[in-house]
1. Could you look through segment 197-237, keep only residues that are charged (D, E, K, R) and crowded, with 16+ Cβ neighbours inside 10 Å, and pick out the one that is farthest from GLN313 (Cα to Cα)?
2. So which residues in segment 48-58 are away from ligand 2 (no atom under 16 Å from the Cβ) and loosely packed, with under 14 Cβ neighbours inside 10 Å?
3. When the residues of segment 14-29 are filtered to those that are surrounded by fewer than 20 Cβ atoms within 10 Å (Cβ to Cβ) and in a loop (DSSP other than H, G, I, E, B), which remaining residue is nearest to ligand 1 (Cβ to nearest atom)?
4. Quick test for you: out of PRO162, PRO95, pick the one residue that is within 19 Å of SER219 (Cβ to Cβ) and within 11 Å of ligand 1 (Cβ to nearest atom).
5. Looking for whichever is free of Cβ contacts under 8 Å to residues at least 12 places away in the same chain, of a type in the set (S, T, N, Q) and out of contact with any Ser or Thr (no Cβ under 6 Å at 6 or more places or on another chain) here; the options are SER239, SER187, SER222, SER218. Which one fits?
6. Pick out the one residue from LYS270, LYS223 that is closer than 30 Å to PHE442 by Cα and under 23 Å from the mean Cα position of the chain (by Cα).
7. Among GLY168, GLY151, which is the only one that is within 15 Å of ligand 2 (Cβ to nearest atom), out of contact with any strand residue (DSSP E or B) (no Cβ under 7 Å at 6 or more places or on another chain) and modelled with pLDDT under 95?
8. Return the residues of segment 94-119 that are in contact with a Phe, Trp or Tyr (Cβ under 6 Å, 6 or more places away or on another chain) and of a type outside the set (Gly, Ala, Ser); say none if nothing qualifies.
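The values are calculated or read from the model by the stated rules, or taken from the named source; none is laboratory data. No experiment lies behind these values; they were computed from the predicted model shown. Glycine also receives a Cβ, built like all others from the backbone with ideal geometry; neighbour counts cover every protein chain displayed.
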Amino acid sequence: MKKITNICCIGAGYVGGPTMAVIAQKCPEITVNVVDINEQRIRDWNDSDLDKLPIYEPGLKEVVLEARGRNLFFSTNVEKSIDEAEIVFISVNTPTKTYGKGKGMAADLKFVELCARQIAKVSKNDKIVVEKSTLPVRTAEAVRSILDNTGNGVKFQILSNPEFLAEGTAVDDLHNADRVLIGGEQSTEEGQEAMDALTDIYAHWLPKERILQTNVWSSELSKLTANAFLAQRISSINSLSALCEETEANIEEVARAIGSDTRIGAKFLKTSVGFGGSCFQKDILNLVYICRSMGLQEVADYWEQVILMNDYQKRRFADNIIKTLYNTVSDKKITFLGWAFKKDTNDTRETAAMYVADHLMNDLARIEVYDPKVSSKQMFADMNYLNSRSETENEKQLKAHSDPYEACKNAHAIAVLTEWDEFIDYDWQKIYDNMMKPAFVFDGRNILDRERLEKIGFKYYGIGINS
Ligand code: UDX
Ligand code: UDX
């Protein structure tokens, strides 16, 4: 079997960066070049101060420290790295289209196509091209067509190898993956060889039985549907949280009760202000779009409901704040604890926080935010991206803090948007003493100690818990 000695990964983002760092760590004999067109990002990956890495992930610093400069390299030298590699991973972003056909639904494959064209242009010997980005079913076919028709007579094998890591636990997910999926052309010798070569890389640290080989389309579809199933569980529990608030039932108790059934399982049943992140919404929209374009209206409607329920949950949270604050938040200070879409990451893509902020700002609230890892620059970028009001208005209505107690001073209400552990052990008495009364807390993650807060004097509102 072909022994791989040189890998190139195009895209040094949340997926490409940690994945390649772990491959380099576990395969010291393979040179791994991670390339990106974003020069700043590459500079940050190369910074001698490991706190400046562009991505915050627990355990990532240690992995980078071990491999960087040994067999892990970050550069903007895309063409040279492609040329030298036996395997090229495509790990560029595939956002939802913001224009034209499929706007708001389909995945924008512009960057993937550019990568394929570049690989075709510079390759002088046979290569394995691996789709790491989440892509619609049958994208491999498009990539193959570009490579076969624009190349220099070089042979390419296309593999689909979707990433299942979750942000905040990326390094651990890579080290102890439940499964690795490798889709390829099983019917030809070359196809099988390519799959085995990639399998061999992961087998450096994972048991063989966790490395599953499938056909390309099963692999592509499995990625979309794994995310759809996970998101569906959250929307299901969130739909019931609304019902719990109208009754004496408690969503945390219901989740524990149903999660103890091994057929259902306990994970992904945590009610919340709504899921965010770069994948869930995008992948489901994509699935819905594909179903619709194939005339499968009922299937499309079924999955779309997961997104509609998530939108409802975010809106409901914001509406509940307005209703509780005597039907007006105009010029009131509402402090957000957390802005990231989940704890232990600095990523804010599709975070519930920005939608809740937007909703409250439409009612003229002043939002002041503390997040341990998200910069104020990112928060403004998120609000400006929503395009609901001018940048000047966003600057007037939104303020970021680097100290949580300052952020909470004189607030009419506090809303927990991200489940950062540190929020639980704050000096809540001190926060209470410096707030407007009645002091309201809206816990969008059900993480705070309700009893303790109520004893201090807070008016506490959780999700799916009758207050
Ligand atoms: C990944 C996956 O690739 C995406 O399909 C999945 O749905 C979400 O996660 P991610 O790594 O999170 O994307 O994206 P991002 O952090 O934006 O990184 C992509 C990188 O690719 C960026 O640094 C960007 O500069 C780079 N890029 C993009 C290129 O180097 N070349 C391009 O042509 C386009
Ligand atoms: C997800 C998938 O888990 C991962 O396999 C895939 O590769 C990429 O997409 P990620 O988006 O990084 O990973 O994080 P995840 O832990 O899945 O959380 C997504 C969102 O759901 C977050 O906003 C999180 O707070 C929310 N969530 C998660 C809940 O509201 N309740 C839960 O029980 C679990």
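1. Per the stated criteria, the residue is ASP200.
2. Within segment 48-58, SER48, ASP49, LEU50, ASP51, LYS52 meet the criteria.
3. PRO28
4. Sole residue among the options that is within 19 Å of SER219 (Cβ to Cβ) and within 11 Å of ligand 1 (Cβ to nearest atom): PRO162.
5. SER187
6. Exactly one residue qualifies, and that residue is LYS270.
7. On inspection, the qualifying residue turns out to be GLY168.
8. MET105, the sole residue that qualifies.
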